[in-house]
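*Asks:* Here it is, the structure in full.
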Amino acid sequence: MENRLTGRDTERLFIAVKLPEEPAGLLGQEAAALSSRLKFAKWTYPDDYHITLQFLGDTPAAKIPELLAALEVISAGQEPFTLRLGEWGTFGAPESPRVLWAGVSGELEQLRNLQRKIVSATSPLGFKEEKRTYSPHLTLARKYRDERAFSSGLLSDLRSRTENIENNCSVKDWTIDAFVVYATRMHAIPMYEMIGKMTFF
């Protein structure tokens, strides 16, 4: 386990799987190619691409060592698994979505099992599970701001024009052998700072 505590009194935390450099770079290339044609208020910086496992919220710094210790127990018994970047989709109103995301496929049951273990491990520390159904994804952009209505057909058409990007990211997969604890740094680039990494062994 790595940890990088920062000396702040409170940290806004979440637990996630980080997208490795190669698929993040390829996904970022495709997002950049679309960003001039799809007007979202904010596009995610590629170094910030991740799959959230649990949002923890504002956390007293004094509680963080206990949190990291509980998560290390999970990583010690976890087997690596493989995911693949999948189709894109949206959350919110179909014509004006609040989130554009990339889905994942592959060994999703192993991912969901990991997510359940994390929720169980953090519950005794006072962290709450979200009520909505867990839906793994990577957030690409937020707040659609174009005058023309958004549609899945528009997205498919624009994405088809980017298929000449070398080694198109839709065919890439990667092995999950760790998860991380992130602290949010509003307005910074990248916006998420890793304060703990739990490697499977």
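*Asks:* For a quick check: sort 148, 132, 142, 185 by the number of other beta carbons within 10 angstrom, fewest at the front.
*Replies:* Ascending Cβ contact count within 10 Å gives the list 132, 148, 185, 142.
*Asks:* Same structure again: In a GNM of the chain with a 10 Å cut-off on Cα contacts, which of 74, 51, 15 has the highest mean-square fluctuation?
*Replies:* 74
*Asks:* If you don't mind, there's one more thing I want to ask. Could you state the angle between the C-alpha long axis of helix 21-35 and the longest principal axis of the C-alpha atoms of the chain, as a value from 0 to 90 degrees rounded to the nearest 10?
*Replies:* 40
*Asks:* Over 26 Å between Cα atoms, which of 63/143; 18/117; 143/197; 117/143 qualify? Numbers along the way, then the final one.
*Replies:* Values: 63/143 34 Å; 18/117 18 Å; 143/197 30 Å; 117/143 32 Å.
In this structure, 63/143; 143/197; 117/143 lie more than 26 Å apart at Cα.
*Asks:* What does the C-alpha gyration tensor say about the overall shape of the chain? Classify as rounded when a/c is under 1.5, otherwise prolate if a/b is larger than b/c, or oblate.
*Replies:* Here the chain falls in the prolate category.
*Asks:* Positive end of the charge dipole of the chain (Lys, Arg +1 and Asp, Glu -1 on Cβ, about the Cα centre): tell me which of 38, 70, 158 has its Cα farthest that way.
*Replies:* Of the options given, the answer is 38.
*Asks:* Please list, ordered by chain and number, the residues whose modelled amide H lies under 5 Å from the amide H of residue 106; skip anything fewer than 5 residues away on the same chain.
*Replies:* Amide H neighbours of residue 106, under 5 Å, 5+ apart: 84.
*Asks:* Right, another one. Please say if region 84-184 is rounded, prolate or oblate, where rounded means a/c under 1.5 for a ≥ b ≥ c the square roots of the C-alpha gyration tensor eigenvalues, and otherwise the choice is prolate for a/b larger than b/c and oblate otherwise?
*Replies:* Working: a/c = 2.68, a/b = 1.51, b/c = 1.77.
Note, shape of region 84-184 comes out oblate.
*Asks:* From a point 7 Å beyond the Cα of residue 152 in the direction of its Cβ, which residues of region 75-103 have a backbone N at a distance under 11 Å?
*Replies:* 88-90
Coordinate-derived values only; no laboratory data. All of these numbers come straight from a predicted model, not from anything done at the bench. Neighbour counts run over all protein chains shown; Cβ positions are idealised from the backbone, glycine included.
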